[in-house]
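The structure appears right after this line, and notes come after that.
The values are calculated or read from the model by the stated rules, or taken from the named source; none is laboratory data. Bear in mind the structure is a predicted one, so any value in this text is a computation, not a measurement. Every residue, glycine among them, receives a Cβ derived from its backbone with ideal geometry; neighbour counts consider all protein chains shown.
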Amino acid sequence: MSLTKRIVLTLLLSIIISIIITSFVSNYMINRKFETYLIEEQNTKLKKVKDIVENLYKTKGPYLNEEDISKLSSLEGVYIEIKNDTGKTVCNSHNNHMDHHRRMMRNMRKPRIIEGNYIEKEYPLYDNNNKIGTLTIGYMDKSYLTESAIIFKETLSKSFLMSTFITTLIGFIISIVLSKELSYPIINITDTANKMRKGDLSSRSKINTNTKEIKDLSNSINYLGETLQKQDNFRKKFTSDISNELRTPLTTLQTHIEALIDGIWEIDEKNLLILHEEVDHLTKLVNELRDISKLEELELNLNKSYFNISNELEKITGSFKPIFKKVVMKL
């Protein structure tokens, strides 16, 4: 898998996981708070019904009838039953609270309404701190989830889904841009390194990036290329210099031996000594070749000494005399 694809997939997967977790937690917390709010509103409604019925019962007492509370029951969507202090039923919103229960269940089966359990709560009724009766309120425990509330929750969930999709799309685009910004310079540096591996030491990495690490990597590969190119140029120059250094004593030995064979030179100690010096010169060159690795260590110590340059020049000119004698020239 290429670096670009790996970066895109990694960033996209991280974004998706983060969005899913954030959406789930946010949706759960908002729904929980919203349901708590609806339950509190329902409890407030029941307390309101209790206060109204208590005031009516205080006013009319045992003369309170079904008609008085039916409108309130229908308006608030609850079953209402009032009993006196002896436990006898004074009136209720319907003849049979089970009928009201079944009617509420049928209403709850309408579309977009969640079914629940029918429950009843009892509230004592007081008049000047004296208990005058008991109020029973029957309702569905999920009745607070009205159609408007369900629409709100569904809209909220759809909003989270839409936000997740849009954020994922934006994250995908950003991951592509970011992956290209990171991968293209690395690909360029890799191509430069491959060209160097194939022998093109003049190749250099040319990137435009603000990422410090990638810029340092590019500078390092360019420095490596410059170093290798300098070493290659040094090797070529050194090889050329060594060839010239070896050619000179070999040519001298060849001319001297030819001069001895042709009778231009006499075989005496002086001429043999010149041949020996050339052989000794060649030996030194060979020994220096074995120490060539020291040149790369940059730890060479130069040993300076005094010598008679006139003697050296006399030896050099003496080594060329056979060449000039052979072509009938006077040195």
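Descriptive notes on the structure:
- Taken over segment 239-268, the criterion of being more than 16 Å from Val286 (Cα to Cα), loosely packed, with under 14 Cβ neighbours inside 10 Å and among the charged types (D, E, K, R) is satisfied by Asp262, Glu266, Asp268.
- Residue check, Glu76 among the charged types (D, E, K, R), surrounded by 13 or more Cβ atoms within 10 Å (Cβ to Cβ) and touching a Ser or Thr at 6+ places or on another chain (Cβ under 8 Å): no
- Among the residues of segment 85-94, the ones that are crowded, with 17+ Cβ neighbours inside 10 Å and either part of a strand (DSSP E or B) or under 60 Å from the mean Cα position of the chain (by Cα) (or both) come to 3 in all.
- Within segment 47-77, being modelled with pLDDT under 85 and either of a type in the set (Ser, Thr, Tyr) or within 60 Å of the chain's Cα centre (by Cα) (or both) holds for Tyr57, Thr59, Tyr63, Ser70, Ser73, Ser74, Leu75, Glu76, Gly77.
- Pairing each residue of segment 270-282 that is under 13 Å from Thr248 (Cβ atoms) with any residue that is polar (S, T, N, Q) and part of a helix (DSSP H, G or I), provided the two are 6+ apart or on different chains, yields C-beta distances under 7 Å for Glu278/Thr252; Glu278/Ser319.
- Looking only at segment 166-202, and only at residues there that are of a type in the set (D, E, K, R) and free of Cβ contacts under 8 Å to residues at least 60 places away in the same chain, the one that is farthest from Gln231 (Cα to Cα): Glu181
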